[in-house]
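Colleague: What follows is a single structure, and I will ask about it in a moment.
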Amino acid sequence: MGILLLLALWQALTSVVARSSLPTPLSVAIRIRQDFIHADQLSFYGLNTGLLDSMAYTATNVAAAVLMGAVVGAPLGLVTARFRLLRALVDPVLMTAGTIPIIVLAPFFLIWFGVDRISAMLLVAIFVTVILYVFAQRAADNIDPVYEESAYTLGASRARVVRDVLLPGTVPQILGGIRIALAGAWGLEAIAELMGAQYGIGKIVQLLAGATDVEGIFAALLVLGVVAVACDGLAAWVVARLAVWNQPARTGAE
Amino acid sequence: MSDVKIEASALSRSYRRADGAEVKALSAVDLRIEAGQFVCLVGPSGCGKTTLLQIIAGLVPPSGGNIVVNGQRVTAPGPSRGMVFQKDSVFPWMRVHANVEYGLSCRGVAKAERQKVAAQYLERVGLSHVAGAWPRELSGGMLKRVAVATVFANGADVLLLDEPFGALDYVTKRQLHDVLLTLWAEGEAGRRRTVVFVTHDVDEAMILADRIVVLRAGRVVDDLAVAADRPRTTDALLLPGMVRIKHILLTHLGLEAAR
Ligand SMILES: Nc1ncnc2c1ncn2[C@@H]1O[C@H](COP(=O)(O)OP(=O)(O)OP(=O)(O)O)[C@@H](O)[C@H]1O
Ligand SMILES: [Mg+2]
């Protein structure tokens, strides 16, 4: 429904704005089909690839970055929520890292790690880490202490309290954080690629921007957008699966 | 038979509230509870009952004084002292039966055995039919019963109960009194468990307790023995000795003038 509205709006706009700055939906769709496997325009720049491969490259980087960020950020957030000293140590570091704009950080990463995918991946992973760190920490702060107290009086060890109380009790918020991080990660990855990469959707945009190929840029961005929305839908579905217990009670009408 | 199970000496606890004010939740509490005794703690809201239980459980360190259980100083919570909390403590992320099995699983009891025990206690609190449900699907009173089953199934020798039946209807409450009294009687090696039971309900205290300790403003202000035979029927509560205790309790709670 929302997509139809967007398309209609887009179509309407093309009748007022010059074709060279805003292509029609149909021409972009055709362009996506043309460029899907192999984009001729990119061959000029020595890039033998199409939208599919580039999208796969970008998606892999995003997935890896979100995974890295989740594995580092979430546990760190949980642990620091329970150990004041550690928190005082880690908080300032991550908060500072989180406020540096990616434009400032990117050149350093390109110098340190080269134009390989690792640069963009790490760049995105840092931001995902910070987001999930904050989400996990807040979730752990907010969980009612009665659950941990109850676990201890039942004989749980510290490790079991983390596994059976802290983790499941914070999973809904952490998963929510992963969705938000994922949504932001696409844009960050594209920017990171724009600033220096050999492949990816961002790289295509950068090359075609040099040739002011608006249609091509639109085609690339549309593919990126569709995949991002699809991934968010997938993430939402997984979130609902993983935290069944957290569903609102009144919806169970089966 | 008169070995001391719980011994609090000169126990005090103060809290500093966020606004800077100092609250004395407990001051100079001396209390000896013998093994097998069923003690009810009564007193007005805010007098320190929960705080005292938390200190015995090892969840809150005292600001001063000593707490000894089983001859050992309490420094941390552990499975030898089971606690039913005033607040809801059932894990929302585990199904009802998994909640009841939790303590047993922490102590390494085999799956088949703990399933059997959990089923047995769920049956006793009348919740067999919701064993597979999520806690969010239960009513408030049912959640309380899950918490009770969880702690009872874990079989601790000392049971600390903080207004466990306060939210329950009269019939369920009376049924759970029987469950609790049975559990109390069947401790390890045929000995009674030790129970500290917080309640606002004077009648509940008189049905259950061997001894009623009255707290007010963080101090023990009275300590009454309840000698009536068990099971205590409705008639037993009307015996002159019981009526006298009830008058004393109501006076402490400010409901009757001293006479
Ligand atoms: N964590 C805390 N921080 C500050 N003050 C507290 C805290 N816990 C308890 N208190 C204060 O200590 C006093 C005793 O509280 P406690 O919970 O032990 O009362 P209670 O007898 O259990 O009351 P109720 O019958 O209402 O449950 C109260 O004045 C309360 O405000
Ligand atoms: Mg209380």
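Coordinate-derived values only; no laboratory data. Everything quoted here is computed from the prediction, not taken from an experiment. Please note: Cβ atoms are built from the backbone with ideal geometry, for glycine as well, and neighbour counts cover all protein chains shown.
Colleague: Between A:LEU67 and A:ASN142, 0.36 nm times their residue separation minus their Cα-Cα distance comes to what?
Modeller: So the chain would gain 24.6 nm between A:LEU67 and A:ASN142.
Colleague: Using 7 Å Cα-to-Cβ label points, what is the B:ALA225/B:VAL68 separation (nm, one decimal)?
Modeller: 2.3
Colleague: Then there's this: Suppose we look only past 23 Å in the calculated P(r) of region A:64-214. What percent of the Cα-Cα pairs does that tail hold?
Modeller: The proportion of pairs with Cα distances above 23 Å equals 45 percent.
Colleague: Using every pair of alpha-carbon atoms in region A:1-111, split the distances into 10 Å bins beginning at 0 and state the percent of pairs per bin, rounded to integers.
Modeller: Taking all Cα pairs of region A:1-111, the binned fractions are 11, 21, 25, 23, 15, 6, 0 percent.
Colleague: What does the convex hull of the alpha-carbon atoms of region B:1-51 project to on average, in nm²?
Modeller: Working: hull surface 16.8 nm².
So the Cα hull casts an average projection of 4.2 nm².
Colleague: Per-residue mean of other chain beta-carbon atoms within 10 angstrom of the beta-carbon, peptide A:140-153?
Modeller: 6
Colleague: May I ask for the Rg/Rh ratio of chain B, computed from Cα atoms with Rh as the Kirkwood radius, given to two decimals?
Modeller: Across chain B, the Cα-based Rg/Rh ratio is 0.96.
Colleague: Further, regarding this structure: Tell me, B:VAL130, B:VAL4 in order of fewest to most beta-carbon neighbours within 10 Å?
Modeller: Fewest-to-most Cβ neighbours within 10 Å comes out as B:VAL4, B:VAL130.
Colleague: Measure out, as a whole number of angstrom, how far apart the alpha-carbon centroids of region A:175-225 and region A:12-75 sit.
Modeller: 6
Colleague: Would you mind checking the radius of gyration and Dmax of the protein assembly as shown based on alpha-carbon positions, in Å?
Modeller: For the protein assembly as shown, the Cα-based Rg and Dmax read 32.0, 105 Å.
Colleague: Per the Kirkwood formula on distinct C-alpha pairs, the Rh of region A:195-238 is how many angstrom?
Modeller: 11.4
Colleague: Describe numerically, in nm with one decimal, the distance between label points set 7 Å from Cα along Cα→Cβ at B:LEU239 and at A:LEU52.
Modeller: 8.9
Colleague: Peptide B:91-101: average number of partner chain Cβ atoms within 10 Å per residue?
Modeller: 3
Colleague: Next up: Compute the distance from the alpha-carbon center of region B:37-54 to that of region B:121-198, in whole Å.
Modeller: For region B:37-54 versus region B:121-198, the Cα centre distance is 18 Å.
Colleague: Got a sec to turn the phi values of region A:136-147 into Karplus ³J(HN,Hα) couplings, 6.51 cos²θ - 1.76 cosθ + 1.60 with θ = phi - 60°, whole Hz, x for Gly and Pro?
Modeller: With the stated coefficients, region A:136-147 comes to 5, 5, 4, 4, 5, 5, 8, 6, 4, x, 4, 5 Hz.
Colleague: Here is a further query. Once phi is turned into ³J(HN,Hα) by the Karplus curve 6.51 cos²θ - 1.76 cosθ + 1.60 with θ = phi - 60°, what whole-Hz value does each residue of region A:223-233 show in order, with x for glycine and proline?
Modeller: Computed from phi, the couplings for region A:223-233 are 4, 4, x, 4, 5, 4, 5, 4, 5, 5, x Hz.
Colleague: Dividing the alpha-carbon Rg of chain A by 2.2 N^0.38 Å yields what?
Modeller: It is 1.22.
Colleague: Got the relative contact order for chain B handy, in percent, Cα pairs under 8 Å and 6 or more residues apart?
Modeller: Relative contact order here is 24 percent.
Colleague: Would you mind ranking A:PHE36, A:PHE127, B:PHE165, A:PHE83 so that the residue whose beta carbon has the fewest other beta carbons within 10 Å leads the list?
Modeller: Listing A:PHE36, A:PHE127, B:PHE165, A:PHE83 from fewest to most nearby Cβ atoms yields A:PHE83, A:PHE36, A:PHE127, B:PHE165.
Colleague: Once the Cα gyration tensor of region A:44-88 is diagonalised, what are the square roots of 5 times its eigenvalues, in whole Å and ordered largest first, as equivalent ellipsoid semi-axes?
Modeller: Working from the Cα gyration tensor, I get semi-axes of 40, 9, 4 Å.
Colleague: For the modelled label position 7 Å from the Cα of A:ARG87 along Cα-to-Cβ, which residues of region B:1-32 have backbone nitrogen atoms closer than 18 Å?
Modeller: Within reach of a label on A:ARG87: B:16-19.
Colleague: Counting helices only, and only those DSSP H runs with n ≥ 4, report the 222 nm mean residue ellipticity of the protein assembly as shown as the sum of -39,500 (n - 2.57) divided by its residues, in deg cm²/dmol to the nearest 500.
Modeller: -17500 deg cm²/dmol
Colleague: In addition: So what is the relative contact order for region B:18-171, in percent, with contacts set as C-alpha pairs under 8 Å and at least six apart?
Modeller: Relative contact order, region B:18-171: 26 percent.
Colleague: How large is log10 I(q)/I(0) at q = 0.10, 0.20, 0.23 Å⁻¹ when the Debye formula is applied to the Cα atoms of region B:159-259, each weighted equally and without solvent?
Modeller: After summing over all Cα pairs, the log10 values are -0.29, -1.17, -1.45.
Colleague: Could I ask something else about it? In whole Å, what are the Cα extents of region A:159-254 along the three principal axes, biggest one first?
Modeller: Result for region A:159-254: principal-axis Cα extents of 56, 37, 13 Å.
Colleague: Of A:ALA63, A:TYR45, A:LEU123, which is farthest towards the positive pole of region A:1-157's charge dipole, taken about the Cα centre with +1 and -1 on the beta-carbons of Lys, Arg and Asp, Glu respectively?
Modeller: Ranked along the dipole, the leading option is A:TYR45.
Colleague: Next question. Non-local amide H neighbours of B:LEU26 (under 5 Å, H modeled in plane, Pro and chain starts lacking H): which ones?
Modeller: Those qualifying (amide H under 5 Å, at least 5 residues apart or on another chain) are B:ARG13.
Colleague: Given N residues in region B:1-86, what is its alpha carbon radius of gyration divided by 2.2 N^0.38 Å?
Modeller: Numbers: Rg = 13.2 Å, N = 86, 2.2 N^0.38 = 12.0 Å.
Working it through for region B:1-86, the quotient is 1.11.
Colleague: Non-local amide H neighbours of B:ARG216 (under 5 Å, H modeled in plane, Pro and chain starts lacking H): which ones?
Modeller: It is B:VAL221, by chain and number.
Colleague: What net charge is computed for the residues neighbouring B:ALA28, neighbours being all others with C-beta under 12 Å from the C-beta of B:ALA28, Lys and Arg scored +1, Asp and Glu -1?
Modeller: Numbers: positive: B:ARG13, B:LYS24, B:ARG219; negative: B:ASP30.
Around B:ALA28, the charge tally is +2.
Colleague: Per q in 0.13, 0.17 Å⁻¹, report the Debye log10 I(q)/I(0) for region B:35-133, using one uniform scatterer on each alpha carbon and no solvent.
Modeller: With no solvent term, the Cα-only Debye profile gives -0.64, -0.97.
Colleague: Hey, another quick one. Taking 8 Å as the Cα distance limit and 6 or more residues as the minimum spacing, I'd like the relative contact order of chain A as a percentage.
Modeller: Answer for chain A is 25 percent.
Colleague: State, in angstrom, two size descriptors of region B:77-192 derived from its alpha carbons: Rg to one decimal place and Dmax to the nearest whole number.
Modeller: Cα only, region B:77-192: 13.1, 38 Å (Rg, Dmax).
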